[in-house]
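Chemist: The structure is given below, and queries will be raised subsequently.
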């Protein structure tokens, strides 16, 4: 069950495995084990992962009978569940150009955020402030 919901969340959020690693702080090996169903993390870890991905805390732990019709559980982001930054704020914290941050998020090279293409010319960005601070060793004021 956990592995199927993680796969669905990754698909719905357009995330690659490396992006999930960066956002959750889990190793590539752990995420691989979770996706294959060989390991299931404890409920507290599942809750932390859901919050790190911007999902409801109980996204992975809801019982099947709590799911909507057809057994499909939509990915819903919970407002305020992660401390988020704008591209401009992240660029300022890192001392680099905002276009560089945008391109990096679009290409999936930054493990603390991701970009989602919403139209031919527009992107939506999700930047986890806590992960950026932890990985890049910078302090942000958000």
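Computed from the coordinates by the stated procedures, all read-outs in this text should not be read as laboratory data. Everything quoted here is computed from the prediction, not taken from an experiment. FYI the Cβ positions are ideal-geometry reconstructions off the backbone, even for glycines, and counts take in every protein chain you see.
Chemist: Viscosity 0.692 mPa s, temperature 37 °C: give me the Stokes-Einstein translational D for segment 87-136 in µm²/s, with Rh taken as the Kirkwood radius over C-alpha pairs.
Modeler: Answer, rounded: 303 µm²/s.
Chemist: Continuing with this model, one more query. With each run of n ≥ 4 DSSP H residues scored as -39500 (n - 2.57), what mean residue ellipticity at 222 nm is computed for the chain after dividing by its residue count and rounding to the nearest 500 deg cm²/dmol?
Modeler: -13000 deg cm²/dmol
Chemist: Sticking with the crude label model, points 7 Å out along Cα→Cβ, report the distance from residue 62 to residue 4 in nm, one decimal please.
Modeler: If labels sit at residue 62 and residue 4, their model points lie 1.4 nm apart.
Chemist: Still on this model: For segment 2-71, state the average projected area of the convex hull of the C-alpha atoms over all orientations, rounded to one decimal in nm².
Modeler: Orientation-averaged projected area of the Cα hull: 4.5 nm².
Chemist: In nm, to one decimal, how far is the modelled label at residue 92 from the one at residue 38, with both set 7 Å along Cα→Cβ?
Modeler: Placing both labels 7 Å along Cα→Cβ, they lie 4.5 nm apart.
Chemist: What do you get for the angle between helix 43-52 and the principal long axis of the chain? Use alpha-carbon atoms, 0 to 90 degrees, nearest ten.
Modeler: 40 degrees
Chemist: Now for a different question. If you average 1/r across every pair of different Cα atoms in the chain and take the reciprocal, what Kirkwood value do you get, in Å?
Modeler: Hydrodynamic radius (Kirkwood, Cα only) of the chain equals 15.7 Å.
Chemist: Continuing with the same structure: With an 8 Å cut-off on Cα pairs and a minimum separation of 6 or more residues, tell me the relative contact order of the chain in percent.
Modeler: 24 percent
Chemist: Round to the nearest 0.05 the FRET efficiency obtained for residue 100 and residue 27 when R0 = 30 Å and r is the Cβ-Cβ distance.
Modeler: Given R0 = 30 Å and the Cβ-Cβ separation, E is 0.65.
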